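> Below you will find the structure I want to go over with you.
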Amino acid sequence: MSWFRREDNKIEDTGEKTVRTEGLWIKCDSCGQAIFRADLDANLLVCPKCGFHFRMGSRARIEMLLNPGYELVDLELKSTDPLGFSDLRSYKSRLEKARKDTGLNDAIVNALGQLGEHRVVVSAMEYSFIGGSMGAVVGETIARAVDRAHDNRQPLIIVSASGGARMMEGIVSLMQLAKISTALARLDEASVPYISVLTDPTTGGVTASFAMLGDLNVAEPGALIGFAGPRVIEQTIRQKLPEGFQRSEFLLQHGFLDAVVNRRELKSYLIRALDFLRVAA
């Protein structure tokens, strides 16, 4: 074994401990089933036993939805530190770590490509980049996606996965809510379809703005969707919340969503929806 060597009938620990099976198996957070990682990837990160939807990165999401040959755009934008913000760590160091870990400049990826027969513009959020929080770059990137959809008369699809506004940027982050909402109003006036796909989690300022403004609002099963967290709401209203509160099925039942769609069926569902929402020439 690589982590020890025998010298003069003694076992000496070299400190180099590796496990060959590390990362090959993953435990389902819902049913506890151990799943072979390759099988989970082949099943679009959906548990084959209980149907639990694991979180999916932005690039994997785009690859899942768009036909081969799509183009990634608007990747060059980078957040600054307008407030010189620091808590336990400085905001600059958080940005540097997030960029290193994800390979992205911020928590959003724009793509142009083909979804079935339809030319579309897709914005997919990256939750692993500081919780998918929305700062100036996320707001500007989505606004550019809206402008592309408007100018080219191509349907817009935004896949949300976010903890809300990025408060390390203060009022700059909050202004993105109005900025994107205004751009979407312009898209609506031009009769260009906008489909919002809400995934786990979609919360805070993202829910309060563009995530709930789609012509069609679609969510994945079991996704946490809301503005404030359940604990804050319970403390405010001093009542126990019903079971499944703020999950996509609960929101569908109460009229906040148009559909809850399994990830394995999402691409075909969106193609069918775009067939009905064809853009006039």
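> Assess whether PHE256 counts as being in contact with a strand residue (DSSP E or B) (Cβ under 8 Å, 6 or more places away or on another chain) and surrounded by 14 or more Cβ atoms within 10 Å (Cβ to Cβ).
For PHE256, the condition - in contact with a strand residue (DSSP E or B) (Cβ under 8 Å, 6 or more places away or on another chain) and surrounded by 14 or more Cβ atoms within 10 Å (Cβ to Cβ) - is met.
> Still on this structure, I have one more. Scan GLY205, GLY139, GLY164, GLY170 and give me the residue that is within 15 Å of the chain's Cα centre (by Cα) and on the phi > 0 side of the Ramachandran plot.
GLY164
Residues are listed down the side, and each one gets a yes or a no for (1) buried (at least 17 other Cβ atoms within 10 Å of the Cβ); (2) modelled with pLDDT under 95:
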residue	(1), (2)
MET56	yes, no
ARG61	yes, no
LEU65	yes, no
PRO68	no, no
VAL73	no, no
PRO82	no, yes
SER90	no, no
LEU95	yes, no
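> Then there's this: Tell me the strands (runs of 3 or more DSSP E) entirely within segment 20-81 that contain at least 1 residues that are within 21 Å of VAL120 (Cβ to Cβ) and of a type in the set (A, V, I, L, M).
The strands (runs of 3 or more DSSP E) meeting that bar are 71-73.
> How many of the residues making up segment 195-208 are touching a residue at least 40 places away in the same chain (Cβ under 8 Å), open to solvent by less than 10 Å² (accessible area, probe 1.4 Å) and either part of a loop (DSSP other than H, G, I, E, B) or of a type in the set (S, T, N, Q) (or both)?
Looking only at that region, the number is 2.
> For segment 114-136, which positions are open to solvent by 10 Å² or more (accessible area, probe 1.4 Å) and not in a loop (DSSP other than H, G, I, E, B)?
Across segment 114-136, the qualifying residues are GLN114, HIS118, ARG119, ILE130, GLY131, ALA136.
> Let me ask something else about it. Go through segment 139-183 and give me each residue that's β-branched (Val, Ile, Thr) and either over 29 Å from ASP275 (Cα atoms) or part of a loop (DSSP other than H, G, I, E, B) (or both).
ILE171, VAL172
> Shifting gears a bit: Give the residues of segment 259-281 that are charged (D, E, K, R), surrounded by 13 or more Cβ atoms within 10 Å (Cβ to Cβ) and closer than 17 Å to ARG119 by Cα, sorted by residue number.
Once the filter is applied, which keeps residues that are charged (D, E, K, R), surrounded by 13 or more Cβ atoms within 10 Å (Cβ to Cβ) and closer than 17 Å to ARG119 by Cα, segment 259-281 yields only LYS267.
> Check whether at least one residue in segment 224-235 is modelled with pLDDT of 95 or more, open to solvent by less than 40 Å² (accessible area, probe 1.4 Å) and closer than 27 Å to ARG119 by Cα, and report yes or no.
No, every residue in segment 224-235 fails to be modelled with pLDDT of 95 or more, open to solvent by less than 40 Å² (accessible area, probe 1.4 Å) and closer than 27 Å to ARG119 by Cα.
> Collect the residues in segment 209-218 that are open to solvent by less than 10 Å² (accessible area, probe 1.4 Å) and either over 22 Å from ASP275 (Cβ atoms) or part of a loop (DSSP other than H, G, I, E, B) (or both), keeping them in residue-number order.
SER209, PHE210, ALA211 - these are the residues of segment 209-218 that are open to solvent by less than 10 Å² (accessible area, probe 1.4 Å) and either over 22 Å from ASP275 (Cβ atoms) or part of a loop (DSSP other than H, G, I, E, B) (or both).
The values are calculated or read from the model by the stated rules, or taken from the named source; none is laboratory data. Remember, predicted model here, so these are calculated numbers, not experimental data. Every residue, glycine as well, gets a Cβ built from its backbone with ideal geometry; the counts of neighbours run over all protein chains shown. These area figures cover heavy atoms from the full protein model, side chains too; ligands, DNA and RNA do not enter into them. Shrake-Rupley method; radii C 1.70, N 1.55, O 1.52, S 1.80 Å.
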